[in-house]
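Heads up: the structure comes next, in structure tokens.
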Amino acid sequence: MPKSFHVTTFGCQMNEHDSERMKGMLESLGYAEAEAAEGADLILFNTCSIREKADSRFVAHLRQAAAHKRRNREVVIGVGGCWAQSVKDQVFRDFPFVDVAFGPGQVHKLAEFLTSDSLTAQGFFEFEGFTGHLPSKRDREFQGWVQISAGCNMKCSYCIVPSTRGRQVDRPLDELVAEVRAMVAEGVVEVTLLGQNVNAYGRAVAGGPRTSFAELLHALDAIEGLQRVRYTSPHPQDMKEDVVLAHAQLESVCPHVHLPLQAGSSRILKAMRRTYDRRRFLDRVALIREHNPDIALTTDVIVGFPGETEADFAETLEVCEEVGFDGAFTFIYSPRRDTEAAAFVEDFIPHEVAVARMDRLVEVIQRRAGEQAQRFVGRTLDVLVEGQSRTDPSKLRGRIPHGKVVNFTGLASPGETVPVEITAATSQTLAGEMSLLARALG
Ligand code: SF4
């Protein structure tokens with residue numbers, strides 16, 4: 001019987017992608033994926049450390065794995081990802097039942113450990129840029145992640161990523177085009193480009209000529225059969241005109257930009273070391289909409305950053321009201337170890353104040369997103385079918401090019417792109433009916 005493995009993934013798309021590569025690598029070593037951690041020979045966690053809550057949730061899972069190991073001493077427990085990188089060898093001191101730990105840049109070292117006859121626990125925490133071309137076991141055959149760079153050179157004062165993923169290293173453009181071409185040949189129609197700061201791509205290419213993010217978008221758009229190109233996350237400071245024009249000119253580049261604002265007050269943006277101010281952010285939004293009037297804009301916002309006054313927060317609400325985002329991820333500031341802002345203790349905002357601000361922010365975001373979503377009602381849009389609706393099993397679920405989820409009636413298979421007439425819209429999702437006429441007319 002092949003040995004079995006189970007991977008639990010926490011955090012961002014980059015972690016989801018790393019987990020797909022972990023699974024692909026383990027299957028190439030002859031392991032088989034198990035439904036649950038219980039009963040698996042190899043229990044793996046791909047961890048996140050972006051917020052305190054991420055840590056405590058993961059540790060609860062780890063203790064469960066320890067219980068499995070007490071029942072079966074042969075079980076191997078491995079911890080990867082940003083939390084492992086942020087605490088390094090402390091993993092083994094705090095959790096002596098862990099056998100192997102590795103940082104986000106060391107996924108391939110797991111294979112080395114598993115194929116070695118090492119009996120002692122091992123940790124791998126070097127930064128080696130992009131770690132090898134590992135086989136990837138995609139969750140969906142028609143959608144794929146593509147890591148275009150590793151690490152980040154920015155110094156946002158609240159962020160632990162530069163210390164857990166290292167400095168920015170970009171993959172050569174030709175290598176990325178070849179990888180995407182191979183994915184399309186395997187049936188992928190939509191790719192999402194991943195990087196901590198994707199639009200800074202091209203300045204730190206390892207083993208290739210300097211290039212740019214816009215050049216990459218143009219090169220991918222030329223690939224026959226690739227319907228959709230998405231990317232996350234860009235940085236407002238690097239949202240240059242050539243990328244904005246690429247959205248207007250290139251059919252496969254989806255009309256959606258996720259542009260993290262974080263705060264509306266220039267004073268707080270400075271304390272966050274975000275390198276742009278309120279004016280610059282709004283200027284980028286104006287430029288994007290000038291060339292792409294129908295584009296979807298989503299964002300990230302942190303409330304309760306140390307020192308945030310009521311006036312600062314009011315500016316965050318003003319910017320969100322003015323821009324009218326199509327959606328947003330909203331977070332309460334969480335101090336992260338070894339980050340600059342974690343030392344701003346005197347200025348920490350009481351939790352109840354931050355929670356109250358979060359409620360007011362969510363009200364503005366959802367109201368404006370609901371208003372924005374009405375522009376889709378009555379239009380027939382191409383929907384990439386992802387599967388059965390999560391809210392109504394009699395319906396299908398998919399996404400329009402703008403990124404919004406649609407639950408719709410119709411007959412189609414996952415991976416198909418079908419025309420859907422949008423009949424209703426909320427801040428979160430759209431409703432629709434597959435247009436048999438549009439489909440018949442192709
Ligand atoms: S750009 Fe800032 S927030 Fe984003 S990963 Fe880099 S340091 Fe963190």
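The values are calculated or read from the model by the stated rules, or taken from the named source; none is laboratory data. The model shown is predicted, which means the values in this text are computed figures rather than measured ones. Backbone-built Cβ (ideal geometry, glycine too); neighbour counts: all protein chains shown. The accessibility values were calculated without ligands, DNA or RNA, using every heavy atom of the protein model including side chains. Shrake-Rupley method; radii C 1.70, N 1.55, O 1.52, S 1.80 Å.
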Quick check on packing: order 325-336, 408-419, 12-23 by the mean number of other C-beta atoms within 10 Å, highest mean leading.
12-23, 325-336, 408-419
Sort out for me the Cα centre separation of region 85-153 from region 421-441, rounded to whole Å.
42
Give me a comma-separated list of calculated 3J(HN,Hα) values for region 242-258, in order, Karplus coefficients 6.51, -1.76, 1.60 applied at θ = phi - 60°, integers in Hz, x for any Gly or Pro.
5, 6, 4, 5, 4, 4, 6, 9, 9, 4, 7, 6, 5, x, 8, 10, 9
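Sort C159, C254 from largest to smallest accessible area, using a 1.4 Å probe on the heavy atoms of the protein chains.
Numbers: C159 40, C254 5 Å².
Putting C159, C254 in descending order of accessible area: C159, C254.
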Charge sum, other residues only, whose C-beta stays under 14 Å from F325's C-beta, Lys/Arg counted +1 and Asp/Glu -1:
-1
Stokes-Einstein D in µm²/s, Kirkwood radius over Cα pairs - region 138-254 at 20 °C with 1.002 mPa s viscosity:
148
Quick query: amide H of G327 versus all other amide H atoms, modeled in the peptide plane; which residues come in under 5 Å with a sequence gap of 5 or more or a different chain?
T299
Take the Cα coordinates of the chain, assign each an equal point scatterer, and use the Debye formula without solvent to give log10 I(q)/I(0) at q = 0.07, 0.14 Å⁻¹.
-0.37, -1.48
Antiparallel DSSP bridges in the chain: what percent, to the nearest 5?
30
Of all accessible surface on the chain at a 1.4 Å probe, what whole percent is carbon and sulfur?
52
Arrange the residues L259, L437 by how much accessible surface each exposes, largest first, with a 1.4 angstrom probe.
L437, L259
Residues with amide H under 5 Å from that of H258, placed H, sequence gap 5 or more
T298
Give me a comma-separated list of calculated 3J(HN,Hα) values for region 316-325, in order, Karplus coefficients 6.51, -1.76, 1.60 applied at θ = phi - 60°, integers in Hz, x for any Gly or Pro.
4, 5, 4, 5, 5, 5, 5, 6, x, 5
Tell me, what ³J(HN,Hα) does each residue in region 330-341 have, in order and in whole Hz, if you take phi through Karplus 6.51 cos²θ - 1.76 cosθ + 1.60 with θ = phi - 60° and put x for Gly and Pro?
10, 9, 8, 3, 10, x, 10, 4, 6, 9, 4, 5
Quick check for you: with a 1.4 Å probe and neighbouring chains kept, what is the accessible area per residue of the chain, in Å²?
43
Within the P(r) computed for region 4-124, what percentage of the Cα pairs occupies the region above 18 Å?
45
In the chain, what cysteines have no partner Cβ closer than 4.7 Å?
C12, C48, C82, C152, C254, C320
Where the Cα pairs of region 313-372 fall when distances are cut into 10 Å bins, in %
21, 42, 28, 9, 0
Cut-off under 5 Å, modelled amide H: who pairs with A424 long-range
A431
